[in-house]
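Written below as structure tokens is the structure these notes are about.
The values are calculated or read from the model by the stated rules, or taken from the named source; none is laboratory data. Remember, it's a predicted structure, so these values are computed and weren't measured experimentally. Cβ placement follows ideal geometry from the backbone for every residue including glycine, while neighbour counts extend to all protein chains displayed. Heads up: the accessible areas ignore ligands, DNA and RNA and are worked out on the full protein's heavy atoms, side chains in. Shrake-Rupley method; radii C 1.70, N 1.55, O 1.52, S 1.80 Å.
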Amino acid sequence: MPDTKIIPIATGTDSKEIVQNNLDYTLFSWSKQKGIDPIAFKYGDGVYLYDYDGKRYIDFSSGLMNVNIGHGNQRVTEAVVKQMQEVSYVTPNCATKVRGELGKKLASVTPDGLNKTLFTVCGATAIENAIKLARLYTGRHKILTRYQSYHGASYGAMSAGGDPRKLPADSQQAPNFIHFDIPYLYRWEYGEENLLKESINHLERVIAFEGPQNIAAIMLEGESGSSGCLKYPAGYLKQVREICNKHGILFIADEVMSGFGRTGKWFGVENHHVIPDMIATAKGITSGYVPLGALIVSDKIAAQYDDNVLWLGLTYSAHPVSCAAALEVLKIYEDENLVENAVMMGKYVEEQVEKLKKKHPSIGDFRNTGLLGCIELVKNQKTKEPMAPFNAKPDEMMVMNKVAAKLKELGMYTFVRWNYIFVAPPLIVTKEQVDEGLAMISEAVSIADGYTAP
Ligand SMILES: Cc1ncc(COP(=O)(O)O)c(C=O)c1O
């Protein structure tokens, strides 16, 4: 018997072989492994991705809302190569030029009073460290979060979120995460002012029941993302900030998806005029070119660890290659005015989707901030019955699957979930590209129109 396994791996560039190798030897997240049909992308350029057969796809979700600068930007490649030519890895207790420069650059774009960063490897590790630090710093144990949020798939982050993907591992949830609800305006019958009042009253009741002296932090997304871009009622985050101040509770902003220009500001919370105690972020920090996360803390929290040990650490904290990529990506945001472009293109998208709403009876709602948007399809615009329910079972996805298949056929890559179609192209997008993408969405949504009831 030979002591190495003989595996007949296909090595060609034929797309079928490439996909088959992926299916035979790798596992795909959040999926039943049989029956999936992944696209093999060969390269990316700007807002487009190209498969091995030369078919072009417009990327209307910026990957997973992370490729904010668009695909294939060679400035990042060059920065990464340069760093690797110098040194690829040093331990996190060493200093590097890029680590210091990136920390300084981040401090120049973060809200006032948040100036020190612990670098992590992804969003979930930023969240885990935020939770851990909040507990260490306050000496309290409970973390309060919104049901309709996603904070990552590691145990703490998953338990913190309310996304139904955590339900299959329900019995293994980490303790001391308490959830609260913020109903969303589209289906709230009593107006936004009343929604704000009810949501705040509910949060205050939860805090009283749980004991404010036990609550380390309230963690909220800077803007809601994969749960459906469910907006906070106006003024909500400001009141949360006041409640936190009153009880000595920390306010953690999860800016993993909403950071780095995605919502038309450097960080989503800036749309709400609040300053959190910590920002946990990732995705757009490198635009997904290499993995990196960051936990940015207030000066007050940072000062606590001048004379106390910071009990946090990761082998890949402040990885030099990731820091080099991030530093270049931040320069690209500035050089190409991408935060400003997100505002302009976001407004344009809103105007155009408004027109689509009039044309398509299946479009119920569009919620958008900057370029973080989500179209919600319904069976009836008056009753607002969703085209597929929250946490839809496979047989409830029949219509939405047809819509998603049409988008793919037309050459669009985007995130379709339950009755949501996400509209979150790279921040470099132009009006013409918005028109191109929305024309595809319009064609695909016509399928759903056929399933609306008068
Ligand atoms: C708001 C938010 N927080 C945290 C995460 C987790 O990030 P990661 O997948 O990099 O661990 C995500 C990922 O989508 C997210 O959207």
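What full-extension length gain, to one decimal in nm, is calculated for His141 and Thr26 as 0.36 nm per residue of separation minus the Cα-Cα distance?
Details: separation 115, 0.36 × 115 = 41.40 nm, distance 3.79 nm.
Using 0.36 nm per residue and subtracting the Cα-Cα distance, I get 37.6 nm.
Roughly how many Å² is the accessible area per residue of the stretch 262-363, as a whole number, for a 1.4 Å probe?
Working: 4190 Å² over 102 residues.
That works out to 41 Å² for each residue.
Which net charge results when you count Lys and Arg as +1 and Asp and Glu as -1 among the other residues whose beta-carbon is under 10 Å from that of Ala282? List each step's numbers first, then the result.
Numbers: positive: Lys283; negative: Asp254, Glu255.
Residues close to Ala282 contribute a combined charge of -1.
In Å², and per residue, what accessible area does the stretch 128-226 have when probed at 1.4 Å with the other protein chains present? Numbers along the way, then the final one.
Values: 4240 Å² over 99 residues.
So the stretch 128-226 comes to 43 Å² accessible per residue, rounded to a whole number.
Using the beta-carbon distance between Lys97 and Lys42 and R0 = 35 Å, what value does 1/(1 + (r/R0)^6) give for FRET efficiency, to the nearest 0.05? Display every interim value, and only then the final one.
Details: r = 34 Å, r/R0 = 0.97.
FRET efficiency, Lys97 to Lys42: 0.55.
Net charge near Thr383, counting Lys/Arg +1 and Asp/Glu -1 over other residues with Cβ under 14 Å of its Cβ? It would help to have the intermediate numbers written out before the result.
Working: positive: Arg187, Lys379, Lys382, Lys384; negative: Glu189, Asp365, Glu376, Glu385.
Once positives and negatives cancel, what remains is 0.
Within 11 Å, Cβ to Cβ, of Ser298, how many net charges do the neighbouring residues add up to if Lys/Arg are +1 and Asp/Glu are -1?
Numbers: positive: Lys116, Lys300; negative: Asp112, Asp277, Asp299.
So the surrounding residues net to -1.
Quick one: accessible area per residue over the stretch 368-454, 1.4 Å probe, rounded to a whole number of Å²? Please report the intermediate quantities before stating the final value.
Numbers: 3600 Å² over 87 residues.
Value returned for the stretch 368-454: 41 Å² of accessible area per residue.
Among Tyr413, Ala453, Leu64, flag the residue with its Cα farthest along the positive direction of the charge dipole of the chain, charges on Cβ as +1 for Lys/Arg and -1 for Asp/Glu.
Of the candidates, Ala453 comes out farthest on the positive side.
On a 28 Å Cα-Cα criterion, which of the cross-link pairs Lys82/Lys300; Lys97/Lys300; Lys379/Lys406; Lys82/Lys132; Lys393/Lys431 come out too long?
Working: Lys82/Lys300 36 Å; Lys97/Lys300 25 Å; Lys379/Lys406 18 Å; Lys82/Lys132 35 Å; Lys393/Lys431 36 Å.
Lys82/Lys300; Lys82/Lys132; Lys393/Lys431, as the Cα separations exceed 28 Å there.
If a paramagnetic tag sat 7 Å from the Cα of Lys355 along the Cα-Cβ line, which residues of the stretch 398-433 would have the backbone N under 12 Å from that point?
So the set is 432.
Can I get the semi-axes of the chain's equivalent ellipsoid? Compute them from the C-alpha gyration tensor as square roots of 5 times the eigenvalues, in angstrom, largest first. Walk me through the intermediate numbers first.
Values: eigenvalues 215, 186, 97 Å².
They are 33, 31, 22 Å, listed from largest to smallest.
Let me know the Rg and Dmax you get for the stretch 1-159 when you use only its Cα atoms, in Å.
For the stretch 1-159, the Cα-based Rg and Dmax read 21.1, 66 Å.
What is the chain's relative contact order, in percent, from Cα pairs under 8 angstrom and six or more apart in sequence? The partial results should precede the final answer.
On the way: 849 pairs, mean separation 90.6, N = 454.
Once divided by the residue count of the chain, the mean separation gives 20 percent.
Leaving out ligands, DNA and RNA, and with a 1.4 Å probe, what % of the accessible surface on the stretch 57-186 is carbon or sulfur? If you can, show how the numbers build up before the last one.
Details: 3220 of 5610 Å².
Within the stretch 57-186, the accessible surface is 57 percent carbon and sulfur.
Starting from the 7 Å offset along Cα-to-Cβ, what nm value, one decimal, do you get for the label separation of Arg56 and His179?
Result for the modelled spin labels: 4.3 nm.
Report the Cα-based extents of the stretch 302-451 along its three principal axes, largest first, to the nearest Å.
If we take the Cα atoms of the stretch 302-451, the spans are 64, 36, 28 Å.
Given a 1.4 Å probe and every protein chain left where it sits, what share in percent of the accessible area of the stretch 278-352 is carbon and sulfur? Present the calculation step by step, with values, prior to reporting the outcome.
Working: 1570 of 3020 Å².
Carbon and sulfur atoms account for 52 percent of the accessible area of the stretch 278-352.
For Lys246, go through the aspartates and glutamates and keep the ones whose alpha-carbon is under 17 Å away, minus same-chain ones fewer than eight residues off.
Those aspartates and glutamates meeting the cut-off are Glu204, Glu210, Asp277.
So what's Rg/Rh here for the stretch 82-164, counting alpha carbon atoms and using the Kirkwood radius for Rh?
Numbers: Rg = 15.9 Å, Rh = 15.2 Å.
On the Cα set of the stretch 82-164, Rg over Rh gives 1.05.
Can you tell me how the stretch 253-329 classifies by the Cα gyration tensor, rounded, prolate or oblate, using a/c under 1.5 as the rounded cut?
oblate
So how do 413-423, 356-366 stack up, highest first, on mean other-Cβ count within 10 Å? Before the final figure, lay out each step's value.
Values: 413-423: 22.3, 356-366: 18.6.
So the order, starting with the most tightly packed, is 413-423, 356-366.
Describe numerically, in nm with one decimal, the distance between label points set 7 Å from Cα along Cα→Cβ at Glu443 and at Tyr89.
4.7
Just how large is the dipole of the stretch 89-190 about the Cα centre, in debye to the nearest 20, putting +1 at every Lys and Arg Cβ and -1 at every Asp and Glu Cβ?
On the way: 13 positive and 7 negative charges, 78 e Å.
The calculation lands at about 380 debye.
Could you run the Karplus curve 6.51 cos²θ - 1.76 cosθ + 1.60 with θ = phi - 60° over the stretch 139-153 and give me ³J(HN,Hα) per residue in whole Hz, x for Gly and Pro?
In residue order, the calculated couplings are x, 10, 10, 8, 10, 9, 9, 7, 3, 8, 9, 10, 10, x, 10 Hz.
Which of the lysines could a cross-linker span from Lys408 if the Cα-Cα distance has to be under 18 Å and same-chain partners fewer than 8 positions apart are dropped?
Lys16, Lys42, Lys55
Report the charge-dipole magnitude of the chain in Debye, nearest 20, computed about the Cα centre from +1 at each Lys and Arg Cβ and -1 at each Asp and Glu Cβ.
The dipole of the chain has a size of about 560 debye.
Counting only DSSP beta bridges with both residues in the chain, tell me the antiparallel percent, nearest 5.
Values: 31 of 50 bridges.
About 60 percent, rounded to the nearest 5.
Can you tell me the Rg and Dmax of the stretch 143-211, counting just the alpha carbons, in angstroms?
Calculated on Cα positions, Rg and Dmax stand at 13.6, 38 Å.
If we sort 152-164, 220-232, 198-210 on the protection proxy, mean other Cβ atoms within 10 Å, highest first, what's the order? All intermediate terms of the calculation are to be shown ahead of the outcome.
Details: 152-164: 21.3, 220-232: 24.5, 198-210: 15.2.
Answer by packing, highest mean first, reads 220-232, 152-164, 198-210.
Given only helices, namely DSSP H runs of n ≥ 4 each adding -39500 (n - 2.57), what is the per-residue ellipticity at 222 nm of the chain, to the nearest 500 deg cm²/dmol?
Working: 13 runs with 170 residues, N = 454.
Mean residue ellipticity at 222 nm (helix-derived): -12000 deg cm²/dmol.
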